[in-house]
Amino acid sequence: MITFEKAAKFIGEIEVPTDKSITHRALILGSMTDGVTLINKPLLSTDTLATLNAFEYIGVDIMNEVTRFTVRSDGYRKFKEPINVINCMNSGTTTRLLSGVLSPSKYTSILTGDMSLIKRPMNRVIKPLSKMGADIRARDNDNFLPMTIHPSKMFSATIESEVNSAQVKSAVLLAGLQLEGESTYIEKVETRDHTENMLKRFGADLAVNGNNITVKGMSSLSAQSLTIPGDFSSAAYYIALALIFEGSEITVKNVGLNKTRTGLITLLESLGIVIDIDLKEDNFEPYGDIRIKHQKLKGGVITGDIIANMIDEIPVLAVSALFGEAPVEIRNAKELRVKESDRISAIVSNFKALGAEIEEFDDGMKIYPLEKVNKGVKLKSYRDHRIAMINIILAKKFGVDILLDDIGCLDVSYPEFIVDIMNLEEV
Ligand code: S3P
């Protein structure tokens, strides 16, 4: 069991690790494009290295120079037969985006993952790709890893989303990119559009009309040099620190501010929280600095389409709600049940252990402001990086009264989280 010393407040400036979603896509498009792509400031984490490793298995030469990845590829038409089973580790993005990349291939690929990933649904990508002619088989009625992608004759198609997922949209677009004709993906709710931005950056022929996204197959792609901005999902933990610790004042520099990701900011602003934003748009993804001072969160019901643009930040909102003025009810968030852990159940059981009043719903939870904290509380990470990070925030709030289990999962998105928050801490 791990304990932390109490912190009083957090003050200063920080740059968070770069964006996980964008790093995956830069590796994918760089590998699909003939030429040399330079990815500056990539996120180095177990998830992004799983994607890097997968492309090495199919013949792409990727040099990891720590502050840069140099991707040398002959393009997707020259991908080789995978020399091994592709282990996507903990990364849903790797698995689902690769299923789109590899399904038009003339070779057989086998994808698998760790104990968490093999429990996450894969029919959400197998179904639409099958409608485009893919031949994919997976465990338990074509739903779970391991998954085998067999060679098949695929064709372009129009696919309507059945689940609000950027990963599914990306799988369809990345398969469509390799097929004759135009493929269209119609989404019900706007999800993160990093794949669209990356396709445009590499010169693909892409048209976005409202929620209809059309990619022209066989577009010619050109290799790029690009720089990845900070990860808003990692920056969100600093927003929680500011909301929770009185006297805090934090600036997060150079963080990605794509509006399909910053639903948490939109929501907090609608609840009266003031966040100063200095937006810069001189990159293929908007980015900038955010500054927040301690303010108390107000209560409310959070539901509807905004959830899709803050799905990874719900744990941050939940932990902040414990220190707010009134209950926060989160609905329409059933997707949380199929993330790296069942995040609704993980948050509910940890917060109950802490002494909080919390109600659980199939699609969300209602969190009441914390009145008293139990002693010797054990919080579990469920080996989920985002749960581990909110547990660490609670441990910094209550000190040795909180015991934490395994936090090795921080490596999935934010390996230096503990050191970084301690650098801003005042005791
Ligand atoms: C991601 C999309 C989201 C998000 C995940 C990363 C991506 O999942 O939760 O952490 O990089 O495309 P969905 O596919 O459910 O949108």
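The values are calculated or read from the model by the stated rules, or taken from the named source; none is laboratory data. None of the values given here were measured: they were computed from a predicted structure. All Cβ positions, glycine included, derive from the backbone under ideal geometry; neighbour counts span all protein chains shown.
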Does segment 188-199 include one or more residues that are closer than 19 Å to LEU27 by Cβ and part of a loop (DSSP other than H, G, I, E, B)? yes
Any idea how many residues of segment 199-241 are touching a residue at least 40 places away in the same chain (Cβ under 8 Å) and either under 30 Å from ALA388 (Cα atoms) or of a type in the set (Ser, Thr, Tyr) (or both)? 18
Within segment 222-245, track down each residue that is within 16 Å of the ligand (Cβ to nearest atom) and either part of a helix (DSSP H, G or I) or hydrophobic (A, V, I, L, M, F, W, C) (or both). ILE228, PHE232, SER233, SER234, ALA235, ALA236, TYR237
Can you tell me which residue among THR33, THR37, THR48 is away from the ligand (no atom under 16 Å from the Cβ), buried (at least 24 other Cβ atoms within 10 Å of the Cβ) and not assigned by TED's automatic domain parsing to the domain that holds LEU410? THR37
Scanning for something within 16 Å of the ligand (Cβ to nearest atom), more than 30 Å from LYS397 (Cα to Cα) and touching a residue at least 40 places away in the same chain (Cβ under 8 Å), does segment 4-16 turn up at least one residue? no
Is it true that some residue in segment 253-263 is touching a residue at least 12 places away in the same chain (Cβ under 8 Å) and surrounded by fewer than 15 Cβ atoms within 10 Å (Cβ to Cβ)? yes
Considering only residues that are of a type in the set (D, E, K, R) and under 21 Å from the mean Cα position of the chain (by Cα), look in segment 136-190 and name the one that is nearest to the ligand (Cβ to nearest atom). LYS169
Regarding VAL189, is this residue surrounded by fewer than 23 Cβ atoms within 10 Å (Cβ to Cβ), β-branched (Val, Ile, Thr) and not assigned by TED's automatic domain parsing to the domain that holds SER320? yes
